[in-house]
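J.: Have a look at this one.
The values are calculated or read from the model by the stated rules, or taken from the named source; none is laboratory data. Quantities reported herein were computed from a predicted structural model and do not represent experimental measurements. Backbone-built Cβ (ideal geometry, glycine too); neighbour counts: all protein chains shown.
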Amino acid sequence: MYRFYINNIDDDYHYMELARVFLPDDGFETIAYSGKPVAHLLGSDSFFVNEKGSDDREEIKREFYELLSCITGMRPPWGTLTGVRPLKPALEICRESSVDEMECIIREKYLMSEKKASLISGIADYQLSHVSGIPWEKASMYIGIPFCPTRCAYCSFASNVAPAEEREKYISNLLKEVTCAGRLAEENGTELESIYIGGGTPTTLSSEQLESLIIRVSEAFHIDPAELEFTVEAGRPDTITKNKLDTLKSLGISRISINPQSMKDETLKLIGRDHSADDIREGFRIARETGFDVINADLIAGLPEENVDDFEASLREMIGLKAENITIHTLSVKRGSRLRDNDPGYYRQNAERVSAMLDLSRKMLSSAGYRPYYIYRQKHQIGALENVGWCLPGKHSLYNIRIMEDKQTVIGLGAGAVGKVYHPEEDRLERIANVSNYRIYSERFDDMISRKKEYYK
Ligand code: SF4
């Protein structure tokens, strides 16, 4: 067990997060310390950081990164940056500097690798040239449908395989929550900028349920789905039918997401999906025939037993299907997932292979005309790497961008949804999380509605 005594800090959180990138959770301890190093504290596995007593967090993190690098021989490409939104500090810098200058600054300030700094600069460049400034007075809305046909091995979301009558009960409560949220939005003069129905897999619902949900949203918020960005996830191809997609399209939905994760049948089976790569191809065919403007496709780098060639074949096919958005995720193995239960250290392996997959995705997507437009990182991702959304120019998802900016109210409805109220005067977000269990959601429904009234007033 390594012990790191870090001088002149109040809170060891940021240093602990940085150490986690290099070492397993049970392999180190970070200790906020004040004063000179005391010899008896420092055994062979104990280290003293920031002896000179700097109070500049970034400077201390750089010293700590170099020490961890020296101990482990690793140089993680994101440098000292551990947060989930690596674009945020870059965009802050861009307020006063050009994108090129920003790229140099982040390399020095965060010890970021050349590749990651150039990725960030590509995303900043896209957003600055294609996305309007943030209308903080408007809101985004997320509606959670916590049902899936089966549970994937890496899943840590509020997703359930539930019988039809429980789905029906859930929807009837959700419709009430939509009405109530619409009333609050009307009282406050809140206008929606984008809506995202995710989960889970929303297309687990029947055509009729999808229709009543979208109609209720339109009526409660006085919107025409065709006139704002409105996305519905149709993630699992085994839930897609022509009837459902026709319903979505006829109601004005222009964006859907079909998420293969991999186009290799053996992998799909291994991760617990109950469909084949052919089902994904068929889902795309139906979606194209129905005439959606934008189809997003998620792929995951680092799935069990996949090599770089497998990943390349999946990506090649998504590019061939001309998905307007392709999101490349690095596998995240969180608590609560089967994969994590079976192999708690899985996410600490295969970093080089996954890194090669991400490099390849960048090369292939760039040459096919895609641009990276949003990025986020999660805990327990292989190699502490990242997720990047790529789009054909102009086809980005505004919702995905706004969610990462953290400067807009998000109305969160349904089980597992996390709403956020933005306070512009303090540049602060206040979280209002709904319960994630869909049965408890129904039981504690009145409670949740009262909390919403309190926060959104
Ligand atoms: S499709 Fe997504 S939400 Fe559903 S089980 Fe798989 S990972 Fe979980």
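J.: Pick from Asp274, Asp310, Asp279: which is farther than 17 Å from Pro237 by Cβ, acidic (Asp, Glu) and over 21 Å from the mean Cα position of the chain (by Cα)?
T.: After ruling out the rest, the residue left standing is Asp310.
J.: If you go through the range 123-176 one residue at a time, how many are more than 16 Å from the ligand (Cβ to nearest atom), touching a residue at least 40 places away in the same chain (Cβ under 8 Å) and among the aliphatic types (A, V, I, L, M)?
T.: Summing the residues that are more than 16 Å from the ligand (Cβ to nearest atom), touching a residue at least 40 places away in the same chain (Cβ under 8 Å) and among the aliphatic types (A, V, I, L, M) in the range 123-176 gives 8.
J.: While we're looking at this one, here's another question. Testing Pro344 on (1) more than 21 Å from Phe284 (Cβ to Cβ); (2) touching a residue at least 40 places away in the same chain (Cβ under 8 Å); (3) not in a helix (DSSP H, G or I), one condition comes back false. Which one is that?
T.: Failed condition: (2).
J.: Related question: Quick one: Lys363 ticks every box in (1) surrounded by 15 or more Cβ atoms within 10 Å (Cβ to Cβ); (2) in a helix (DSSP H, G or I); (3) in the same structural domain as Pro163 (by TED's automatic domain parsing) except a single one, so which number is it?
T.: So Lys363 meets the others, but not (1).
J.: Let me ask another. Check the range 86-107 and report whether any residue there is within 16 Å of the ligand (Cβ to nearest atom) and farther than 30 Å from Ile432 by Cβ.
T.: The first filter runs over the range 86-107 and keeps only residues within 16 Å of the ligand (Cβ to nearest atom), leaving none.
Checked the range 86-107: no residue is within 16 Å of the ligand (Cβ to nearest atom) and farther than 30 Å from Ile432 by Cβ.
J.: Criterion first (in the same structural domain as Ser98 (by TED's automatic domain parsing) and either away from the ligand (no atom under 16 Å from the Cβ) or surrounded by fewer than 22 Cβ atoms within 10 Å (Cβ to Cβ) (or both)) does Ile120 satisfy it?
T.: yes
J.: Can you find a residue in the range 221-231 that is within 14 Å of the ligand (Cβ to nearest atom), of a type in the set (Gly, Ala, Ser) and either out of contact with any Cys (no Cβ under 7 Å at 6 or more places or on another chain) or over 27 Å from Ile280 (Cβ atoms) (or both)?
T.: no
J.: Okay, next question. Exposed (fewer than 15 other Cβ atoms within 10 Å of the Cβ), in a helix (DSSP H, G or I) and out of contact with any Phe, Trp or Tyr (no Cβ under 7 Å at 6 or more places or on another chain): does that describe Glu66?
T.: So Glu66 passes the test.
J.: If you go through the range 108-119 one residue at a time, how many are in a helix (DSSP H, G or I) and either farther than 22 Å from Ser366 by Cα or in contact with a Leu (Cβ under 6 Å, 6 or more places away or on another chain) (or both)?
T.: Of the residues in the range 108-119, 3 are in a helix (DSSP H, G or I) and either farther than 22 Å from Ser366 by Cα or in contact with a Leu (Cβ under 6 Å, 6 or more places away or on another chain) (or both).
J.: Would you confirm whether any residue within the range 242-262 is assigned by TED's automatic domain parsing to the domain that holds Ser397, over 25 Å from Ile143 (Cα atoms), surrounded by fewer than 20 Cβ atoms within 10 Å (Cβ to Cβ) and more than 13 Å from the ligand (Cβ to nearest atom)?
T.: No: zero hits.
J.: Can you name the residue in the range 263-286 that is among the hydrophobic types (A, V, I, L, M, F, W, C) and away from the ligand (no atom under 16 Å from the Cβ) and is also surrounded by the fewest Cβ atoms within 10 Å (Cβ to Cβ) among such residues?
T.: Restricting to residues being among the hydrophobic types (A, V, I, L, M, F, W, C) and away from the ligand (no atom under 16 Å from the Cβ), the top hit is Ile286.
J.: Can you tell me which condition Ile375 does not meet? The list is (1) within 17 Å of the chain's Cα centre (by Cα); (2) more than 22 Å from Ser194 (Cα to Cα); (3) at pLDDT 90 or above, and all the others hold.
T.: (2)
J.: Quick check on Glu103: is it free of Cβ contacts under 8 Å to residues at least 12 places away in the same chain, out of contact with any strand residue (DSSP E or B) (no Cβ under 6 Å at 6 or more places or on another chain) and under 30 Å from Tyr373 (Cβ atoms)? Don't jump to the end; show me each part of the working.
T.: Numbers: free of Cβ contacts under 8 Å to residues at least 12 places away in the same chain: no; out of contact with any strand residue (DSSP E or B) (no Cβ under 6 Å at 6 or more places or on another chain): yes; under 30 Å from Tyr373 (Cβ atoms): yes.
The answer is no for Glu103.
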